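If you scroll down you'll find the structure; I have some questions about it.
The values are calculated or read from the model by the stated rules, or taken from the named source; none is laboratory data. Please read all numbers here as calculations on a predicted model, not as lab measurements. Counting neighbours? That spans all protein chains shown, and the Cβs are built from the backbone with ideal geometry, glycine included. Quick note on the areas: whole protein, heavy atoms, side chains included, nothing else; ligands and nucleic acids left out. Shrake-Rupley method; radii C 1.70, N 1.55, O 1.52, S 1.80 Å.
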Number of protein chains: 2
Amino acid sequence: MATSNPPLKDDLDIVIPTIRNLDFLEMWRPFFQPYHLIIVQDGDPSKTIKVPSGFSYDLYNRNDINKILGPKASCISFKDSACRCFGYMVSKKKYIFTIDDDCFVAKDPSGKDIDALSQHIRNLLHPATPYFFNTLYDPFSDGADFVRGYPFSLREGIPTAVSHGLWLNIPDYDAPTQLVKPRERNTRYVDAVMTIPKGTLFPMCGMNLAFDRNMIGPAMYFGLMGDGQPIGRYDDMWAGWCVKVICDHLGLGIKTGLPYIWHSKASNPFVNLKKEYKGIFWQEEIIPFFQALSLPKESTTVQACYIEMAKQVKDKLGKIDPYFVKLGDAMVTWIEAWDELNLKDSKKPNGK
Amino acid sequence: MATSNPPLKDDLDIVIPTIRNLDFLEMWRPFFQPYHLIIVQDGDPSKTIKVPSGFSYDLYNRNDINKILGPKASCISFKDSACRCFGYMVSKKKYIFTIDDDCFVAKDPSGKDIDALSQHIRNLLHPATPYFFNTLYDPFSDGADFVRGYPFSLREGIPTAVSHGLWLNIPDYDAPTQLVKPRERNTRYVDAVMTIPKGTLFPMCGMNLAFDRNMIGPAMYFGLMGDGQPIGRYDDMWAGWCVKVICDHLGLGIKTGLPYIWHSKASNPFVNLKKEYKGIFWQEEIIPFFQALSLPKESTTVQACYIEMAKQVKDKLGKIDPYFVKLGDAMVTWIEAWDELNLKDSKKPNGK
């Protein structure tokens, strides 16, 4: 049933934020069962989340988060899937794969089930090439290579920190696009993985995402969203902007493309609009901010980059809305909490 | 036979450099016959090139080039397919599609013949989006759009100047890769068109390429290659570097991906190595030069950008090899010749 010799079995955690029973895992069983799951329960902690038998997991609800982080739990969002980043923090593994609980196994054009996790691992274990564009896409995929004119000095590539997977069926649209195109489905299977070029920002979606926690984990903070916050559905976007700028600075690569998952249902566009509308105009200033953001040479660790970034967020985005001052502070709290859990061995996460 | 209502029938020329009879056109007849062809005959001008009946064309051999350009013909390469750029210069159309004579109609995964030209036209007529990455690729393709987190202010896009198509079967590899992977074939049909982000260079291949001549034509110079030159097979690469930097400067977009053509046979890797070997180490300095090249704000036309670029080529690349001084001069000559043929109406090209 479980894949024989799954890659990186002992080096990867699957992080799932949820508010419901995890029936969706049944379909993923052949692919996920060899791995350990970190389930981050959002919302009412007294509710019981059922996990199908046979899976190895730790489940953390809000009480656990508060207990483990103490006052620093304030940096973890509540009533928003942004809470998933708590799972990145308590993991002790080198790699993280995170997936939404409304995402199922997709099929490739030949009708075969797609082992999303294997493709992510492949993406992460092969180099990235952000300094020059390869027109045949991933030069490390089977039957492909660097094309004529690709500088040889750049063919070694650089380490890959992030693998961003895509979605068949329901595309990851914002509320306005959902409203305008209620029937649009993504049926296009694009058989490609590519490195996002240096200096280019992208909209990182948290639905189907893997990363090297040792390389970039401390920057994978999903911000302050949901309960008590003026904004939602920008958690993964925020992380993506921060992560891309830091990866560019540190010489790490980000890939996007394969693998696809099957996204089963669209969230409510009216609810989404309410969550998003501030983000929709704020991002018009946030993106130029990140495009222009430069980090000092002395910032050679993810943590140092992130703390510097938090400072600039407060200084420059604080003018848009006081929310960004709070967010900048939360970014610092996040790093403190990360380091407390990860640098010292004093606090062990209390998984169940 | 000919497609009914072919798009841009009167606005597009197909430019084909060749040294042989154009039997390959038979396969393209349903797609190309509605259009006018500009055939640039390379090598011995006394040789007769046979063109299948029913095509409308002008054919220019070296004698014609010399007659039309006079002493400025020195900027047009001889015994190298770089001579194709003469065709861009003498065309009076808004759009150019150029294709090699060893490229045939490819099939899409459903087995249907791919109308490469229609896809190029589609690419050129839809906006480009170089300022932010869209993870679902071309937002203007059917069933796709901008994903969540894509700034709304950037969704209008910018005009597309270049459409770079790809190749099934024989990939466009350099000589070393051809030697190392003699049996590699490209069988991966990637169903995507994408804009190459601003600030990112790419290896532009001239095999299957379309562009808006009014927007970027004067920068589509394929350099000095072949007879009497120390280098070959860098003609399209050179044009690609120049064009990308100028497009970035002027706010024009470049797309790559669909359409595929079927590239029938690999050129001789030993001959290619001889042509390429200087380029292989020169490009290690040329690419950083183009990556760092900045054009003054006052350069608001392609011609002005190109003349400024020629100056910098001579100044900065001249140190690598005297060839680049000659090339910088040829770039200026090219622009002079372009303007002579295109700005004034005094010299009409002598097509047959």
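Would you please name the residue that is most open to solvent (accessible area, probe 1.4 Å), looking only at residues in the stretch A:294-317 that are of a type in the set (Val, Ile, Thr) and in a loop (DSSP other than H, G, I, E, B)?
Our first condition is that a residue be of a type in the set (Val, Ile, Thr); within the stretch A:294-317, this holds for A:300-302, A:307, A:313.
Cutting the leftovers down to in a loop (DSSP other than H, G, I, E, B) gives us A:300-301.
On the way: A:Thr300: 100, A:Thr301: 65 Å².
In this case the residue turns out to be A:Thr300.
While we're looking at this one, here's another question. Looking at the stretch B:246-266, is at least one residue farther than 30 Å from B:Phe140 by Cα and either in a strand (DSSP E or B) or in contact with a helix residue (DSSP H, G or I) (Cβ under 8 Å, 6 or more places away or on another chain) (or both)?
Checking the stretch B:246-266: at least one residue is farther than 30 Å from B:Phe140 by Cα and either in a strand (DSSP E or B) or in contact with a helix residue (DSSP H, G or I) (Cβ under 8 Å, 6 or more places away or on another chain) (or both).
I'm trying to understand the selection: among the residues of the stretch B:91-111, which are out of contact with any Phe, Trp or Tyr (no Cβ under 7 Å at 6 or more places or on another chain) and of a type in the set (Val, Ile, Thr)?
B:Thr98, B:Ile99
On to the next question. Residues to consider are B:Ile286, B:Ile320; find the one that is surrounded by fewer than 17 Cβ atoms within 10 Å (Cβ to Cβ) and of a type in the set (Val, Ile, Thr).
B:Ile320
Being more than 19 Å from A:Gln291 (Cβ to Cβ), touching a strand residue (DSSP E or B) at 6+ places or on another chain (Cβ under 8 Å) and at the interface with chain A (Cβ under 9 Å from one of its Cβ atoms) is the filter here, so list the residues in the stretch B:128-142 that pass it.
B:Leu136, B:Tyr137, B:Ser141
So how many residues does the stretch A:114-132 have that are surrounded by fewer than 24 Cβ atoms within 10 Å (Cβ to Cβ) and either more than 30 Å from A:Pro34 (Cα to Cα) or not β-branched (Val, Ile, Thr) (or both)? Lay out the reasoning, then the answer.
Step one: list which residues in the stretch A:114-132 are surrounded by fewer than 24 Cβ atoms within 10 Å (Cβ to Cβ), which gives A:114-115, A:118-119, A:121-122, A:125-127, A:131-132.
Now narrow it down to the ones that are either more than 30 Å from A:Pro34 (Cα to Cα) or not β-branched (Val, Ile, Thr) (or both): A:115, A:118-119, A:122, A:125-127, A:131-132.
So the count comes out to 9.
Does A:Gln291 meet the test of being open to solvent by 10 Å² or more (accessible area, probe 1.4 Å), of a type in the set (S, T, N, Q) and at the interface with another protein chain (Cβ under 10 Å from one of its Cβ atoms)?
In short, yes.
Moving on to the next point. So A:Leu154 passes all but one of these: (1) of a type outside the set (Phe, Trp, Tyr); (2) open to solvent by 10 Å² or more (accessible area, probe 1.4 Å); (3) closer than 22 Å to B:Asp138 by Cα. Which condition number does it fail?
For A:Leu154, the exception is condition (3).
Report yes if some residue within the stretch A:103-113 is open to solvent by 10 Å² or more (accessible area, probe 1.4 Å), touching a residue at least 60 places away in the same chain (Cβ under 8 Å) and within 13 Å of chain B (Cβ to nearest Cβ); otherwise report no.
Yes: one or more hits.
A further question on this structure: Determine the pairs where a residue that is among the β-branched types (Val, Ile, Thr), located within the stretch B:61-85, has a partner that is open to solvent by 10 Å² or more (accessible area, probe 1.4 Å) with Cβ atoms under 6 Å apart, the partner being 6 or more residues away or on another chain.
B:Ile68/B:Pro349
Of the numbered conditions (1) within 14 Å of chain A (Cβ to nearest Cβ); (2) outside any strand (DSSP E or B); (3) open to solvent by less than 10 Å² (accessible area, probe 1.4 Å); (4) not hydroxyl-bearing (Ser, Thr, Tyr), B:Ile280 fails exactly one; give the number of that condition.
Going through (1) within 14 Å of chain A (Cβ to nearest Cβ); (2) outside any strand (DSSP E or B); (3) open to solvent by less than 10 Å² (accessible area, probe 1.4 Å); (4) not hydroxyl-bearing (Ser, Thr, Tyr) one by one, B:Ile280 breaks only (3).
A follow-up question, please. Those residues that are in contact with a strand residue (DSSP E or B) (Cβ under 7 Å, 6 or more places away or on another chain), open to solvent by less than 10 Å² (accessible area, probe 1.4 Å) and of a type in the set (Gly, Ala, Ser), I need them from the stretch B:235-273; list them, please.
Answer for the stretch B:235-273, where residues must be in contact with a strand residue (DSSP E or B) (Cβ under 7 Å, 6 or more places away or on another chain), open to solvent by less than 10 Å² (accessible area, probe 1.4 Å) and of a type in the set (Gly, Ala, Ser): B:Gly253, B:Gly257.
Would you list the strands (runs of 3 or more DSSP E) that sit entirely within the stretch A:143-240 and hold 1 or more residues that are within 7 Å of another protein chain (Cβ to nearest Cβ)?
Where strands (runs of 3 or more DSSP E) fall fully within the stretch A:143-240 and carry at least 1 residues being within 7 Å of another protein chain (Cβ to nearest Cβ), they are A:160-169.
Another one. How many residues are basic (Lys, Arg) and within 12 Å of B:Ser163 (Cβ to Cβ) when one looks only at the stretch B:243-267?
Total meeting the criteria: 1.
State which residue is farthest from B:Asn214 (Cα to Cα) when the search covers only the stretch B:314-337 and only residues that are small (Gly, Ala, Ser) and under 23 Å from the mean Cα position of the chain (by Cα).
Result: B:Gly328.
Would a scan of the stretch B:209-216 turn up a residue that is open to solvent by 10 Å² or more (accessible area, probe 1.4 Å) and free of Cβ contacts under 8 Å to residues at least 40 places away in the same chain?
So far as the stretch B:209-216 goes, no, none of its residues is open to solvent by 10 Å² or more (accessible area, probe 1.4 Å) and free of Cβ contacts under 8 Å to residues at least 40 places away in the same chain.
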